[in-house]
1. Considering the options I437, H419, I133, tell which one lies farthest towards the positive end of the dipole of the chain, charges being +1 on Lys and Arg and -1 on Asp and Glu at the Cβ, about the Cα centre.
2. Taking the Cα centre of the stretch 263-337 as origin, work out the dipole magnitude from +1 charges on Lys and Arg Cβ and -1 charges on Asp and Glu Cβ, in debye rounded to 20.
3. Tell me the angle of helix 73-88 to the major Cα principal axis of the chain, expressed in degrees between 0 and 90 and rounded to the nearest ten.
4. Can you tell me the 0 to 90 degree angle between the C-alpha axis of helix 382-398 and the longest principal axis of the chain, rounded to 10?
5. Report, please, the projected area of the stretch 202-348 averaged over directions, based on the convex hull of its C-alpha atoms, in nm².
6. Percent relative contact order of the stretch 345-488, based on C-alpha pairs within less than 8 angstrom and at least six residues apart?
7. Which of V156, V369 comes first, and how do the rest follow, when ranked by fewest Cβ neighbours within 10 Å?
8. Using Cα positions and a limit of under 19 Å, work out the aspartates and glutamates in reach of K60, with same-chain residues fewer than 8 apart set aside.
Amino acid sequence: MMDHKEAVNTTSINDKVLAEDTFLQQLVSCLPMGAMVVNTDAQILFVNDTLSDILGYSPKELLGSDIDFLLPLEFQANHKKLMMQYFNQPRKRQMGVGQALFARKKNGGHIPIEIGLNPIQQDENTFVLATLIDLTTRQRASNMFQRSIQNAPHGVLVIDSGGLIRLTNDVLCESFGYTSEELINQSMDMLLPQRYRKHHDHLRNSFHQNPTPRMMGVGRDLTALHKDGREFPVEIGLSPFEDEENNELVLVSLLDITQRKRMEQELRETNTNLEEFTYVASHDLRSPLRGIADLLEWVKEDIDSETLPHVIHNINRIDVRIQRMENLIDNLLTYARAGKIESNTQDINVNALLENIFELLEIPHGVTVTRDIQLEHFTSVWTPLETVMRNLISNAIKHHDKDTGSIAIGCVAENNLCHFTICDDGPGIPEAAFARIFRLFQTVTSNERSGTGIGLSVSRRLVETHGGRISVESNTHQRGVTFHVWWPRFLRKDTHD
């Protein structure tokens, strides 16, 4: 700060400046950013209210003071020299271009700023109108932007109009095998396979002529180039934007879909094998089996009543095994078809669906069926759901080991799913068999002959194909088990056309 004599001299200079140019005083006062007038001795002659608010000083505390005290301590020593250089060749310019500038507030805190210098000639005196913009909010937004990019769960690049990489994140670096230092300020062409680079400049220029958010290469199989020279499949999104200096930039979001592609390939191979097996089962196995059955019928017609009993018995055993083989083929075809998504959606009335099931099931007199249907209507596919519920309810009836029993059926809404429960008080299922019973041709015990082991596997396949899940658990309040089925109650693009 200054002594009394210096303050008086400064005040007189200040009064002279403002008296001779009232317009300057009004202009500085009306500026939307912080502003002050400084003389060649680095003394503040005038400030506006905006600057006072930014720095936390009153105008009286600033007037007549040396501007150096508004600088961080580490910059004060060299500031006088820089000011003398400026006044030797005063011109309108930004201060500290390319450098991070800070001002020191009254409370000792530092804030990022942008300063513009405008020389003012008054008779033989030169002054400077310094405009100051508080960049705290802008820097906070910039930091938030950079943190959002860095914390994104997918790869992100920021590319300028010349195709240079300006910003990236760790996920992208990991996908390509580079460090951030190896990518920044490099051409993004280094991430492209060689065959794409020839036309990429043209495509990039075309994009900047009509920049709109979009996916890149729709309908094409896009690949990127890893540091080790291998290519990998990607999905790329482009989002143009401008920074605070109106530079045209593009936010590139990149997703490595290698794992997805592998899973899709495995699924295609599985479906292809299943389709081939279905064809073999329906044609190549059934046809010779029918031929054997026809031959057996002719043998039966040719033998007479005097044929030995054990021969007749063996012929009948052959007939039974042919029928079992045909049932096995039918079950395999049923299981294969269960993997296809049904797209014929309609309003599902849960009570009406259960009534349809009970019409085709023979419920013993000693078995009581109760319902607790809290969700009565939703939109879904009828036939697959009815098949699943029929299998579970019929199993509860068929495998009950007593003359009397109960089956409780429930349906409630659970988030975006319908939660069905089928609870019985039958003999139950060993917990060790819970996972096994949903596999193809698996039954509870090795000597089980009352079922084919296809119903639960078909039910699981139908439920999972249509976006749901199925499980079983032992009851704690009584003997028996409870089957749980979670079935989507809203239409989804991934399971409904």
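1. Looking along the dipole axis, the top candidate is I133.
2. 200 debye
3. 60 degrees
4. Roughly 50 degrees between the two axes.
5. Convex hull of Cα atoms, orientation-averaged projection: 19.8 nm².
6. 23 percent
7. Ranked by crowding around the Cβ, least crowded first: V369, V156.
8. Filter leaves D3, E6, D15, D41, D49, D68.
A short reminder: the numbers here are calculations on the coordinates, not readings from a lab. Here the structure is a predicted model, which is why all the values come from computation and not from measurement. Here the Cβ is made from the backbone with ideal geometry for all residues, glycine too, and neighbour counts use every protein chain on show.
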